[in-house]
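Step one of this worksheet: look at the structure below.
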Amino acid sequence: MDKNEQINFWYVMVALLSILVVQSLYNEYTKIEPISYSHFQTLLEKGQVSEIEITDQYIYGKLKVPHGTGLQDFITTRVEPEFAEDLDKYGVSYSGVVSSTWLSDLLSWLLPVAVFVGVWLYFIRRISRNMMGGGMMSVGKSHAKVFVEQETKVTFDDVAGVDEAKEELVEIINFLKNPAEYGRLGGRAPKGILLVGPPGTGKTLLARAVAGEARVPFFSISGSEFVEMFVGVGAARVRDLFEQARKLAPAIIFIDELDALGRARGAFGSGGGGHDEKEQTLNQLLAELDGFDPSSGIVLLAATNRPEILDPALLRAGRFDRQVLVDRPDKLGREQILAVHVKKVKLHTDVLIKQIAALTPGFTGADLANLINEATLLATRRNAAAVTMNDFNNAIERIVAGLEKRNRLLNPNERRVVAYHELGHAMVALALPGTDEVHKVSIIPRGIGALGYTIQRPTEDRYLMTRSELQNKMAVLLGGRAAEQMIFEEISTGASDDLGRATDIARAMVLRYGMSEVLGNVAYERENSAFLQPNVPILQTREYSEDTAQKVDGAVRVLIDQALERALSILQTNRALLDQTAEELLETETLNQPEIEKIKQDIAHKAL
């Protein structure tokens with residue numbers, strides 16, 4: 001409570017006390033003397049009562065002349081006449097008890113007033129904080145949290161798997177430590193650095209590590225915190241944020257989720273720009289980036305996973321001078337990240353960090369941290385002394401395929417269809433070269449709709465894929481449909497996801513990679529941003545004719561049919577092995593690495 005609020009509080013208290021004092025004096029001045037009912041009857045018989053007022057319980061009256069000690073007004077408690085006659089008959093003295101009601105009467109009107117005044121003062125104080133006392137600048141105060149070096153407790157030793165990004169930021173740290181020495185040849189540090197990458201790759205952690213290494217104040221705020229209901233509040237917060245940073249320079253300003261603030265003007269709205277709150281806030285940020293001197297020791301870091309929607313004026317040289325890619329880690333990077341996260345975990349001797357890293361391609365730093373936590377929880381549930389490699393394998397399956405649902409009972413026919421379906425995937429994958437390694441086959445339902453699953457994990461990170469490898473991948477996806485068609489001479493709805501993924505690959509081959517013999521080496525679609533969800537298509541305008549669209553549909557169907565025929569051919573060649581393995585799978589419900597390796601050897605022997 002500030003000084004002004006304390007003064008207002010004491011004003012109210014003094015007013016209430018004054019009301020109580022005045023009420024007490026008034027009651028004393030207008031005092032009404034209570035008398036017994038028998039005394040009232042005596043006065044009534046003597047004719048000394050001038051007037052009375054009768055209520056349910058009391059009788060109020062006035063005397064014709066002052067009586068005794070100057071009594072003028074009186075009050076007595078009513079007594080039933082029959083009862084009074086009985087008491088007079090037996091000579092019993094009686095009187096009514098008059099209770100004082102001034103306090104209850106006072107509270108009956110004072111308490112509602114006090115509640116009303118309290119509520120009124122509360123809302124007046126809130127409004128004065130936001131709109132009055134400090135003006136709109138009080139609303140426009142920045143919500144940025146200031147972290148000094150001893151509070152971040154994060155250095156580059158805590159950040160793993162992003163060595164290239166750390167190298168890009170080393171010179172920023174040197175500049176913050178010694179700005180004068182850094183600019184001795186006339187150079188200047190970048191005003192702004194944009195950290196770009198998928199969610200969970202450690203962009204925020206990397207920014208905090210820069211502040212920890214440089215030992216400077218760290219201002220952290222989300223882009224969405226600049227946007228408010230009141231017009232001009234966001235711009236005021238931007239000004240306030242940079243003003244705070246100038247007072248503590250050298251310092252780092254970090255804006256997370258920059259796309260919430262820096263979205264391209266007019267590109268996602270009505271089309272004509274405008275003067276809404278977001279655009280004013282962005283304009284103020286652009287002005288601040290142009291206005292501050294890099295030699296003052298302020299560095300602006302920002303992070304986003306959607307760089308393609310940022311305003312071009314924000315990304316030009318002189319504002320965000322540099323973009324640093326913080327991508328998903330490779331195998332070596334995953335090993336380093338796992339080594340950081342397992343420091344506080346008690347591991348069994350059979351746990352191999354390299355093997356876990358090989359089983360988790362595409363995992364980000366956040367995914368790996370979640371994986372370790374899931375494995376630790378699984379070990380804790382079974383009261384183990386340490387986390388084993390089996391716990392990590394189960395945690396990977398849970399993350400990739402979902403939670404096991406052993407209580408979901410399938411009828412015998414459905415179990416048989418699922419067994420052949422999953423073995424169709426596995427056997428086609430084991431027969432074709434260059435496909436991802438099969439680790440496990442199971443008919444235990446998992447996740448939301450998976451009645452069974454075949455887990456394939458690549459043995460190494462891949463960045464390029466050939467046409468034949470994509471065709472093999474489509475054949476593996478259609479292996480389940482091929483097995484159903486061959487064994488049951490019927491198809492089910494279980495291949496819906498497989499068909500969708502195979503179709504996506506075929507369309508990408510035709511439209512994006514120029515791998516169609518009919519359409520040639522022409523790209524009809526652009527690649528999706530690597531930082532968006534790769535499986536979610538972007539709404540695009542078709543840039544080819546209707547005739548070309550028909551050819552695209554035909555080429556896609558040809559690729560799908562070829563992949564299905566390859567899968568059918570492999571399964572027909574290994575029909576006996578498929579039937580034998582299906583019976584084993586129906587009995588055991590799961591095939592692990594040793595059983596899968598034996599199937600692979602049998603297929604290779606059959607091919608010879």
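Is there any pair with a first residue in the stretch 366-389 that is over 15 Å from I353 (Cα atoms) and a second that is at pLDDT 95 or above and assigned to a helix (DSSP H, G or I) whose Cβ atoms are under 7 Å apart and which are 6 or more apart or on different chains, and what are they?
Once the first residue is over 15 Å from I353 (Cα atoms) and sits in the stretch 366-389, no partner that is at pLDDT 95 or above and assigned to a helix (DSSP H, G or I) comes close enough.
Among the numbered conditions (1) touching a helix residue (DSSP H, G or I) at 6+ places or on another chain (Cβ under 8 Å); (2) at pLDDT 90 or above, tell me where G434 comes up short.
The one condition G434 does not meet is (2).
Could you please find all residues in the stretch 503-526 being closer than 12 Å to L470 by Cβ and part of a loop (DSSP other than H, G, I, E, B)?
If the condition is that a residue be closer than 12 Å to L470 by Cβ and part of a loop (DSSP other than H, G, I, E, B), then R512, Y513, M515 are the ones that fit.
Residues checked against (1) out of contact with any Gly (no Cβ under 8 Å at 6 or more places or on another chain); (2) of a type in the set (S, T, N, Q):
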position	(1), (2)
L359	yes, no
T364	no, yes
A369	yes, no
N373	yes, yes
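Filter the stretch 552-583 down to the residues that are open to solvent by less than 80 Å² (accessible area, probe 1.4 Å), under 46 Å from the mean Cα position of the chain (by Cα) and free of Cβ contacts under 8 Å to residues at least 60 places away in the same chain, then identify the one that is farthest from A483 (Cα to Cα).
My answer is V552.
What are the residues in the stretch 396-427 that are assigned to a loop (DSSP other than H, G, I, E, B) and over 37 Å from the mean Cα position of the chain (by Cα), if any? Spell out how you get there, then give the answer.
To start, the set of residues in the stretch 396-427 that are assigned to a loop (DSSP other than H, G, I, E, B) comprises 402-403, 405-411.
The one that is assigned to a loop (DSSP other than H, G, I, E, B) and over 37 Å from the mean Cα position of the chain (by Cα): N411.
Can we say I491 is open to solvent by less than 10 Å² (accessible area, probe 1.4 Å) and part of a loop (DSSP other than H, G, I, E, B)? I'd like the intermediate steps shown before the answer.
Numbers: open to solvent by less than 10 Å² (accessible area, probe 1.4 Å): no; part of a loop (DSSP other than H, G, I, E, B): yes.
Spelling it out, it is not the case that I491 is open to solvent by less than 10 Å² (accessible area, probe 1.4 Å) and part of a loop (DSSP other than H, G, I, E, B).
Residues that are at pLDDT below 80 and of a type in the set (K, R): list the helices (runs of 4 or more DSSP H) wholly contained in the stretch 102-219 that include at least 2 such residues. Before you say what the answer is, go through the steps one by one.
Values: elements: 102-127, 136-139, 149-152, 163-177, 179-182, 203-214.
Helices (runs of 4 or more DSSP H) meeting the threshold: 102-127.
Could you list, in sequence order, all residues of the stretch 585-607 that are within 18 Å of V428 (Cβ to Cβ) and more than 41 Å from the chain's Cα centre (by Cα)?
E595, E597, K598, I599, K600, Q601, D602, I603, A604, H605, K606, A607
Please find, within the stretch 366-395, the residue that is nearest to D158 (Cα to Cα) out of those that are in a helix (DSSP H, G or I) and charged (D, E, K, R). Give the derivation first.
Of all residues in the stretch 366-395, those in a helix (DSSP H, G or I) come to 366-381, 389-395.
Remaining after also requiring charged (D, E, K, R): 367, 374, 381, 391.
Values: D367: 16, E374: 21, R381: 29, D391: 25 Å.
Selected residue: D367.
Residues of the stretch 343-365 being surrounded by fewer than 19 Cβ atoms within 10 Å (Cβ to Cβ) and without any contact (Cβ under 8 Å) to a residue 60 or more places away in the chain, which ones? Steps first, please.
Start the filter on the stretch 343-365 by keeping residues that are surrounded by fewer than 19 Cβ atoms within 10 Å (Cβ to Cβ), which leaves 343-346, 348-350, 352-355, 358, 361-362.
K343, K344, V345, K346, H348, T349, D350, L352, I353, K354, Q355, G362, listed by residue number.
Filter the stretch 194-244 down to residues that are open to solvent by less than 20 Å² (accessible area, probe 1.4 Å) and among the β-branched types (V, I, T) and give me whichever is nearest to D321 (Cα to Cα).
Narrowing the stretch 194-244 to residues open to solvent by less than 20 Å² (accessible area, probe 1.4 Å): 194-198, 201, 206-207, 209-212, 214, 216, 218-219, 221, 223, 226, 233-238, 240-242.
Applying the additional criterion that residues be among the β-branched types (V, I, T) yields 196, 201, 210, 216, 221, 233, 238.
Values: V196: 13, T201: 22, V210: 17, V216: 21, I221: 20, V233: 27, V238: 19 Å.
Among those residues, the one meeting the criterion is V196.
Would a scan of the stretch 245-253 turn up a residue that is more than 12 Å from L301 (Cα to Cα), surrounded by fewer than 22 Cβ atoms within 10 Å (Cβ to Cβ), in contact (Cβ under 8 Å) with a residue 40 or more places away in the chain and touching a Lys or Arg at 6+ places or on another chain (Cβ under 9 Å)?
Step one: of the stretch 245-253, the residues more than 12 Å from L301 (Cα to Cα) are 245-250.
Pick out the ones that are also surrounded by fewer than 22 Cβ atoms within 10 Å (Cβ to Cβ) and you get 246-250.
Cutting the leftovers down to in contact (Cβ under 8 Å) with a residue 40 or more places away in the chain gives us 246, 248-250.
Pick out the ones that are also touching a Lys or Arg at 6+ places or on another chain (Cβ under 9 Å) and you get 250.
Looking through the stretch 245-253, at least one residue is more than 12 Å from L301 (Cα to Cα), surrounded by fewer than 22 Cβ atoms within 10 Å (Cβ to Cβ), in contact (Cβ under 8 Å) with a residue 40 or more places away in the chain and touching a Lys or Arg at 6+ places or on another chain (Cβ under 9 Å).
In the list L332, L338, L314, which residue meets the criterion of being within 25 Å of the chain's Cα centre (by Cα) and outside any strand (DSSP E or B)? I'd like the intermediate steps shown before the answer.
On the way: L332 fails: within 25 Å of the chain's Cα centre (by Cα); L314 fails: within 25 Å of the chain's Cα centre (by Cα).
Only one candidate qualifies: L338.
The values are calculated or read from the model by the stated rules, or taken from the named source; none is laboratory data. Keep in mind that this is a model prediction, so the values were computed, not measured. Cβ coordinates were reconstructed from backbone atoms using ideal geometry, including for glycine residues, and neighbour counts include every protein chain displayed. Please note that ligands, DNA and RNA were not included when accessible areas were found on the heavy atoms of the full protein model with its side chains. Shrake-Rupley method; radii C 1.70, N 1.55, O 1.52, S 1.80 Å.
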